[in-house]
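K.L.:
Questions regarding the structure given below will be posed in turn.
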Amino acid sequence: MRKAFPPSLPQLLIEDAVRAALLEDLGRAGDITTNATLPEDAVASAVLSSRDAGTICGMDFARTAFELMDPELKFTTLVRDGARVKPGEDIARIEGNARAILSAERVALNFLMHLSGIASYTAKFADMIAHTNARVCDTRKTIPGMRAFAKYAVKCGGGSNHRFGLDDAILIKDNHIAVAGGVAKAILAARAYAGHLVKIEVEVDDLKQFEEALSVYADVILLDNMAPELLEKAVKINGVRAKLEASGNIAFDTIKAIAETGVDYISTSKITMAAPTLDIGLDIEIK
């Protein structure tokens, strides 16, 4: 499978998100259950393990949650982000103050389970098209405030990232075309506006619009909701002029046929918006 471990996210981004989550959970009085039942100096050892098979993502989030609660906690990472695990496989160990471990548990698991779910779901799609040159990629449909993390999880699962926001690439969609007066007019206006490093992508609904986009040299053409037969025709017409992206009706039972048409990218919001969480738990080790 074409896959490499993705680069780490900036620690400042992780720490800000985790700190906010801890503050939300601890509220005004802290973890009153743990503080009421455990001595202040109690120590413990715990293990994080995956209850299901999947792809891990979010280890730095978990580590940060425990370390923000108590910098003296020892967090030992047993697998890296992007690793595939089996049910029951241990992914990390934590040792130190028992109150800190239990107070950070839910925040650590929430990040791990959500991001590992995205990575695992992406990996399933990526595996189905690994025999082709197509890459599955995400969209801007992400939970607000979590986009950078969701897109990082997509990379961990072997997918590719689409644009991160409205400011890093031009994507001309049907409503832009309607107001601009046509595909060619919209692309030419975008090229006059954009800097030389900004890519221009346009969404088309049929082969007539597709050929119009080719005539004015769009960098990327998004073929929206086209059947595999139409996608194959577009690939033949295109040659090597533009990168082609398919979107719409992307599911486990359709992605293989779409990838085999020869398109370069297949984008879907499912990998960030419909991914089930990966079941990960924390257990205190009893000695």
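The values are calculated or read from the model by the stated rules, or taken from the named source; none is laboratory data. For clarity, every value in this text was computed on a predicted model and none was experimentally measured. Neighbour counts run over all protein chains shown; Cβ positions are idealised from the backbone, glycine included. Accessible surface areas use protein heavy atoms only, side chains included; no ligands, DNA or RNA. Shrake-Rupley method; radii C 1.70, N 1.55, O 1.52, S 1.80 Å.
K.L.:
Quick one: LEU22 ticks every box in (1) assigned to a helix (DSSP H, G or I); (2) at pLDDT below 95 except a single one, so which number is it?
P.N.:
(2)
K.L.:
Also, I was wondering about something else. What tally of residues in region 252-287 results from selecting those that are farther than 24 Å from LYS86 by Cα, open to solvent by less than 70 Å² (accessible area, probe 1.4 Å) and outside any strand (DSSP E or B)?
P.N.:
Counting residues in region 252-287 that are farther than 24 Å from LYS86 by Cα, open to solvent by less than 70 Å² (accessible area, probe 1.4 Å) and outside any strand (DSSP E or B) gives 11.
K.L.:
Based on this model, can you work out whether ARG106 counts as out of contact with any Pro (no Cβ under 8 Å at 6 or more places or on another chain), of a type outside the set (A, V, I, L, M, F, W, C) and assigned to a helix (DSSP H, G or I)? Talk me through it step by step, then tell me what you get.
P.N.:
Working: out of contact with any Pro (no Cβ under 8 Å at 6 or more places or on another chain): yes; of a type outside the set (A, V, I, L, M, F, W, C): yes; assigned to a helix (DSSP H, G or I): yes.
It is true that ARG106 is out of contact with any Pro (no Cβ under 8 Å at 6 or more places or on another chain), of a type outside the set (A, V, I, L, M, F, W, C) and assigned to a helix (DSSP H, G or I).
Here is a yes/no grid of residues against (1) open to solvent by 50 Å² or more (accessible area, probe 1.4 Å); (2) closer than 30 Å to ILE258 by Cβ; (3) not polar (S, T, N, Q):
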| position | (1), (2), (3) |
| --- | --- |
| THR55 | no, yes, no |
| LEU68 | yes, no, yes |
| GLU89 | yes, no, yes |
| MET113 | no, yes, yes |
| TYR121 | no, yes, yes |
